[in-house]
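K.L.:
Below is the structure I would like to discuss, written out as structure tokens.
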Amino acid sequence: MSARGNNLDHVRRHNLATVLRLVHHDRGSARSQLTRATGLNRSTIAALVAELVELGLVAETEPESTKQVGRPSPVVAPRPDVAVLALNPEVDAVELALVGLGGEILRRERHLQREVPSVDSVVALVAGRLAEWSAAEVPAGGGATVAGIGVAVPGLVRASDGLVRHAPHLGWRDAPLAAELAAATSLPAYSANDASLGALAERLFGAGRGIGELVYMNGGASGIGGGIMAGDRLLGGLDGYAGEFGHLRVGGSDHVDTAGLSGTLESEVRRSRLLELGELGTVDDAELERRVRADGGGLSAEIERQAGYLGVAIGGIVNVLNPELVLLGGFLGILLDAAPDTVRAALAATSLDAPLASVRLERPALGRDILMIGAAELAFEPVLADPAGFERGRGPAVARSASGFGRLA
């Protein structure tokens with residue numbers, strides 16, 4: 001009898017997780033849609049939704065009037081006041097966002113840095129902002145319950161424990177950022193590579209929905225990285241270091257990247273070079289794109305040069321991975337829009353005809369929100385995996401790795 005009871009509890013928890021994931025990733029679902037998607041009967045779905053409402057994770061509302069015959073199905077929506085703190089440290093700024101269930105950005109701030117941020121300065125910034133953000137007014141009314149912290153790191157992050165092994169532009173080596181955030185805030189903290197989180201975010205909420213094989217390439221102030229989605233899995237490699245597309249060799253120059261490798265994509269395609277030539281100082285990507293679009297020739301030659309190398313790198317990726325979709329984020333997306341013919345010509349010249357015929361190049365649908373939503377997904381994972389264990393309020397201080405995320409349940 002005890003074993004049966006334990007098994008029934010396991011099934012209930014599994015079903016709760018399945019329903020909450022669907023509501024979260026669809027940003028709301030009718031009860032009838034949940035019934036079809038799960039194969040569970042209506043009474044079971046009603047009971048599961050009622051439990052999620054009681055847990056404070058979802059809200060149920062009556063739908064808008066429709067012309068359908070019969071009583072319309074209630075709509076189950078994620079509670080945005082259940083939130084996580086997402087952050088992305090870069091060489092020139094640290095971006096913070098409060099992200100609610102359903103991937104809704106509730107608040108965000110970009111803190112410019114006069115010097116490259118250290119782990120200590122990032123931890124101090126987060127701890128200093130957390131109290132105010134926990135009490136922030138959100139759409140559901142009142143303050144938000146912050147369930148954890150997710151960090152999108154521009155560097156190599158070890159999957160087993162979330163240790164930042166090497167973020168070269170930040171000058172971080174073997175940095176226990178997640179552990180220090182957890183200790184300073186008493187919240188569970190998680191870290192993973194920024195581009196890998198971007199790939200996951202687009203697969204769940206953006207242009208990658210319904211796409212089995214996609215590659216996301218991110219270009220930022222700290223260089224170029226990538227994430228690979230294969231079916232329902234984010235491919236991290238043995239230790240979580242897969243997707244370092246910035247170190248692909250694209251030419252024979254003597255220019256070196258931060259790893260000391262010559263002729264690589266990251267040595268030739270550099271955001272800092274565009275800012276230098278455009279005399280732009282420290283600006284975000286939106287301002288950089290405005291300048292690129294308005295430029296009468298000061299940046300055009302450099303844009304064409306970098307776009308060519310970008311196309312060569314994509315050609316190699318297409319040959320090896322055969323993706324359906326390649327998404328170019330950050331300043332790489334700016335290059336694609338500014339010089340699409342150059343990118344595509346270099347891609348065509350370096351890729352095989354068969355995989356080339358199937359691939360599409362696009363910019364991410366989530367825009368500037370992509371890394372915040374991806375980092376938030378990392379921190380939401382424990383809640384999504386076991387909603388029954390969620391309690392409104394802060395959780396224990398635990399640093400976690402990225403090893404438990406990436407599979408689309």
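The values are calculated or read from the model by the stated rules, or taken from the named source; none is laboratory data. Not measured: the values here are computed from a predicted model. Cβ coordinates were reconstructed from backbone atoms using ideal geometry, including for glycine residues, and neighbour counts include every protein chain displayed. Note: areas computed on protein heavy atoms with side chains; ligands, DNA, RNA excluded. Shrake-Rupley method; radii C 1.70, N 1.55, O 1.52, S 1.80 Å.
K.L.:
Looking only at residues that are within 15 Å of A230 (Cα to Cα) and out of contact with any Asp or Glu (no Cβ under 7 Å at 6 or more places or on another chain) in the stretch 198-212, which one is most open to solvent (accessible area, probe 1.4 Å)?
P.N.:
Per the criteria, the residue is R209.
K.L.:
List the pairs whose first member sits in the stretch 1-23 and is modelled with pLDDT of 95 or more, whose second member is open to solvent by less than 80 Å² (accessible area, probe 1.4 Å) and among the polar types (S, T, N, Q), and whose Cβ atoms are under 6 Å apart, counting only residues at least 6 apart or on separate chains?
P.N.:
Correct list of pairs: T18/T38; L22/S29; V23/S29.
K.L.:
Restricting attention to the stretch 1-50, which residues are assigned to a helix (DSSP H, G or I), more than 18 Å from L384 (Cα to Cα) and among the small types (G, A, S)?
P.N.:
S2, A3, G5, S32, S43, A46
K.L.:
Across the stretch 249-269, which residue is least open to solvent (accessible area, probe 1.4 Å) among those that are in contact with a strand residue (DSSP E or B) (Cβ under 6 Å, 6 or more places away or on another chain) and part of a loop (DSSP other than H, G, I, E, B)?
P.N.:
Checked the stretch 249-269; the qualifying residue least open to solvent (accessible area, probe 1.4 Å) is G263.
K.L.:
Within the stretch 133-162, can you find the residues that are of a type outside the set (G, A, S) and either at pLDDT 75 or above or surrounded by 17 or more Cβ atoms within 10 Å (Cβ to Cβ) (or both)?
P.N.:
W133, V138, T145, V146, I149, V151, V153, P154, L156, V157, R158, D161
K.L.:
For G237, state whether it is within 27 Å of the chain's Cα centre (by Cα), assigned to a loop (DSSP other than H, G, I, E, B) and at positive phi.
P.N.:
Spelling it out, G237 is indeed within 27 Å of the chain's Cα centre (by Cα), assigned to a loop (DSSP other than H, G, I, E, B) and at positive phi.
K.L.:
I'm told L48 meets every condition in (1) surrounded by 16 or more Cβ atoms within 10 Å (Cβ to Cβ); (2) of a type outside the set (K, R); (3) at pLDDT below 90; (4) out of contact with any Lys or Arg (no Cβ under 7 Å at 6 or more places or on another chain) except one. Can you identify the failing condition by its number?
P.N.:
(3)
K.L.:
Give me the pairs, please: first residue somewhere in the stretch 92-104 and over 26 Å from G171 (Cα atoms), second residue anywhere and outside any strand (DSSP E or B) and open to solvent by 10 Å² or more (accessible area, probe 1.4 Å), beta-carbon distance under 6 Å, and either six or more positions apart or on two chains.
P.N.:
That search, which allows pairs on different chains as well, returns G100/P80; L101/R79; G102/R27; G103/F205; E104/P80.
K.L.:
Those residues that are surrounded by 23 or more Cβ atoms within 10 Å (Cβ to Cβ), at pLDDT 95 or above and part of a helix (DSSP H, G or I), I need them from the stretch 319-333; list them, please.
P.N.:
L332
K.L.:
Confirm whether V53 is buried (at least 22 other Cβ atoms within 10 Å of the Cβ) and either touching an Asp or Glu at 6+ places or on another chain (Cβ under 8 Å) or not in a loop (DSSP other than H, G, I, E, B) (or both).
P.N.:
No.
K.L.:
Moving on. Would you mention how many residues in the stretch 176-205 are in a loop (DSSP other than H, G, I, E, B) and touching a helix residue (DSSP H, G or I) at 6+ places or on another chain (Cβ under 7 Å)?
P.N.:
Final tally of qualifying residues: 1.
K.L.:
Do you know which residues across the stretch 90-122 are closer than 14 Å to W133 by Cβ and basic (K, R)?
P.N.:
Answer for the stretch 90-122, where residues must be closer than 14 Å to W133 by Cβ and basic (K, R): R107, R108.
K.L.:
Would you be able to say whether some residue in the stretch 215-228 is without any contact (Cβ under 8 Å) to a residue 12 or more places away in the chain, open to solvent by 20 Å² or more (accessible area, probe 1.4 Å), outside any strand (DSSP E or B) and over 21 Å from R158 (Cα atoms)?
P.N.:
No.
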